[in-house]
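So the structure is just underneath, and the comments pick up after that.
The values are calculated or read from the model by the stated rules, or taken from the named source; none is laboratory data. Since the model is a prediction, treat every value here as computed from it, not as a measurement. For neighbour counting, all protein chains shown are included, and Cβ atoms are generated from backbone atoms with ideal geometry for every residue, glycine included. The area values use the complete protein model at the heavy-atom level, side chains included, leaving out ligands, DNA and RNA. Shrake-Rupley method; radii C 1.70, N 1.55, O 1.52, S 1.80 Å.
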Amino acid sequence: GKKGNSGEITDDDRQRAKAAVSFGLMFGRAAMALAKDLGISLEEAEEMRRKYFERVAVFRRWCQNVVQFARQSGCGTTMLGRRGRVPEIGAADNGRRSEAERVAVNTPIQGTAADMTLMALNRFNAQLKERRMRSLPVVTVHDSIVVDCPPDEVELAGGMLLSIMHDTSMYP
């Protein structure tokens, strides 16, 4: 149904579930975990996973290449060249090997986002010092930078940070 009474699944619920499944599969979620989370059989989860990867064949080939590279080199690599070791990539134990494969695939995705965020943070800090601003970056959360700003600097600091993070020329 569209928007139903309590207990009824809405279109919004379906969209969120699809996004969660897609996101989970993209980052290497195993069929067993998918089955448990969705309350379906392992066979249904494996079929769902197979169909997903049929639809995103290019991504699947990329994942396979990343895992192959990790098997050869023992590490995952971000797009900017930072490496993260994945020593369990050749483990005989399925669970340990699967987790290492998930880490290997996750490294170029989330690791690259972290690299880019750090580059933006460094540039932002330099500009804050250059302009003698009182704003202060507090923490990074995934690909976001949280900044403590005095009220009179909010607009300027926000504009600077947005401009920096959108400037693709700073990324090699």
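Sequentially through segment 145-154, phi angles give Karplus couplings (6.51, -1.76, 1.60; θ = phi - 60°) of 10, 9, 10, 8, 10, x, x, 6, 10, 4 Hz, Gly and Pro residues having no value and appearing as x. Rolling a 1.4 angstrom probe over the chain with all protein chains present gives an accessible area of which 54% lies on carbon and sulfur atoms. When P(r) over Cα pairs in 5 Å bins from 0, in percent is calculated for this entry, the matching label among (1) 1, 8, 12, 13, 13, 13, 11, 11, 9, 6, 2, 0, 0; (2) 1, 7, 14, 16, 17, 14, 10, 8, 7, 4, 1, 0; (3) 2, 9, 17, 23, 22, 16, 8, 3, 0, 0 is (1).
With protein chains left intact and a 1.4 Å probe, residues in the chain average 67 Å² of accessible area per residue. Across segment 80-163, Cα-Cα pairs more than 17 Å apart make up 57 percent of the total. A cut-off under 9 angstrom between Cβ atoms defines the neighbours of Cys75, and their net charge, with Lys, Arg +1 and Asp, Glu -1, is +2. Remark: relative contact order (the chain) = 13 percent; criterion is Cα-Cα distance under 8 angstrom and separation of 6 or more residues. Placing Met160, Met48 in order of accessible area, with the largest value first and a 1.4 Å probe, yields Met48, Met160. Using the beta-carbon distance between Val146 and Glu44 and R0 = 41 Å, what value does 1/(1 + (r/R0)^6) give for FRET efficiency, to the nearest 0.05? Efficiency, rounded to the nearest 0.05: 0.50. Taking 0.36 nm per residue of separation and subtracting the current Cα-Cα distance, fully stretching the chain between Phe69 and Ala113 would add 13.8 nm. Can you work out the FRET efficiency for the pair Met133 and Asp93, with r the C-beta to C-beta distance and R0 = 41 Å, to the nearest 0.05? It comes out at approximately 0.20.
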